[in-house]
Amino acid sequence: LSSQAALPPMFTLLHNVSWPSDFGVFELGSVVIRESTHPFSPFSVHRSMVGRRRSLVRSAMGRAILAASRPALRREMLEMTASLVEEDAPLAKDRNFVESIISQTNKDGYASSINGSEQGISAIALPIQGGGPVLGSLNLIFFTSTMTPNVAAQRYLASMKQAVREIERRWSAANKARGEIT
């Protein structure tokens with residue numbers, strides 16, 4: 001259901017901004033990309049993103065999820081990351097690092113990363129609320145050489161927020177319809 005809710009607004013976002021975006025969910029210590037517009041973006045160098053994992057602590061998607069999660073859930077996600085994702089374990093255990101991510105994300109109103117998942121690639125991301133725990137996040141990917149996360153946010157954050165609202169609306173409607181069917 002979350003993927004079905006995410007994809008149409010992601011294509012609207014792609015139409016408005018041209019840069020690719022991904023929808024990801026937390027799973028086993030990292031963020032798994034469930035939907036992507038990379039195959040359709042003229043600015044993407046990667047065509048196959050669905051199923052790829054991104055860091056909970058280094059990627060914009062993961063940081064958006066962390067910042068939007070309640071403290072108890074955040075603690076559990078970080079513990080899982082520390083025990084299951086070897087390359088992220090030191091950062092997941094570093095309380096000061098995690099607090100700085102959350103503070104910066106809350107201050108900016110979006111999560112960001114520069115070279116967090118891949119050299120030369122930057123991203124901004126927003127959480128997607130599902131009515132309970134955070135459902136996942138939506139990112140926008142761009143080349144580090146083309147703009148900073150701050151410039152990307154100035155240009156594209158309004159369109160991203162609109163896409164997130166539409167995903168949340170579609171998710172809510174799908175769950176409501178599903179509840180009426182069962």
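Tabulated values for the structure
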| quantity | calculated |
| --- | --- |
| Whichever aspartates and glutamates have a C-alpha closer than 16 Å to that of residue 107, once near sequence neighbours (fewer than 8 apart) are set aside | 99 |
| For residue 114, solvent-accessible area (1.4 Å; no DNA, RNA or ligand), Å² | 100 Å² |
| Estimated vicinal HN-Hα couplings, Hz - the stretch 90-103 in sequence order (Karplus 6.51, -1.76, 1.60; Gly, Pro = x) | x, 5, 5, 8, 8, 4, 5, 4, 4, 5, 5, 4, 5, 4 |
| Within-11-Å neighbourhood charge of residue 23 [Cβ basis; K, R +1; D, E -1] | -1 |
| Cα centroid of the stretch 23-44 to Cα centroid of the stretch 133-149, whole Å | 10 Å |
| Debye, to nearest 20: dipole size of the stretch 80-182, +1 on Lys, Arg Cβ, -1 on Asp, Glu Cβ | 520 debye |
| For the stretch 118-127, Karplus couplings with θ = phi - 60° (6.51, -1.76, 1.60), whole Hz, Gly/Pro x | 7, 4, x, 10, 10, 7, 10, 8, 10, x |
| Accessible area, probe 1.4 Å, largest first, for residues 161, 93 | 93, 161 |
| Mean residue ellipticity (222 nm) of the chain, computed from DSSP H runs ≥ 4 via -39,500 (n - 2.57), nearest 500 | -16500 deg cm²/dmol |
| Nearest-10 value in Å² for the accessible area of residue 15, using the 1.4 Å probe | 150 Å² |
| Extension gain from residue 169 to residue 104, taking 0.36 nm per residue of separation minus the Cα-Cα distance | 20.7 nm |
| 3J(HN,Hα) from dihedral phi, the stretch 158-173, Karplus parametrisation 6.51/-1.76/1.60, rounded to Hz, x for glycine, proline | 4, 5, 5, 4, 5, 4, 4, 4, 5, 4, 4, 5, 5, 4, 4, 5 |
| Rounded to the nearest 10 Å², the accessible area of residue 170 at probe 1.4 Å | 80 Å² |
| Long-range amide H partners of residue 144 with built H, under 5 Å | 121, 122 |
| Fraction of the pair-distance distribution of the chain above 21 Å, Cα-Cα pairs, percent | 45 percent |
| Probe 1.4 Å, accessible area per residue of the chain, Å² | 50 Å² |
| Size of charge dipole - the chain - debye, nearest 20, with Cβ of Lys, Arg +1 and Asp, Glu -1, no other charges | 360 debye |
| The chain - percent of accessible surface contributed by carbon and sulfur, probe 1.4 Å | 52 percent |
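The values are calculated or read from the model by the stated rules, or taken from the named source; none is laboratory data. All values derive from a computational prediction rather than experimental measurement. Glycine gets a Cβ as well: all are built from the backbone with ideal geometry, and neighbour counts include every protein chain shown. Only protein heavy atoms, including side chains, enter the accessible area calculation; ligands, DNA and RNA are left aside. Shrake-Rupley method; radii C 1.70, N 1.55, O 1.52, S 1.80 Å.
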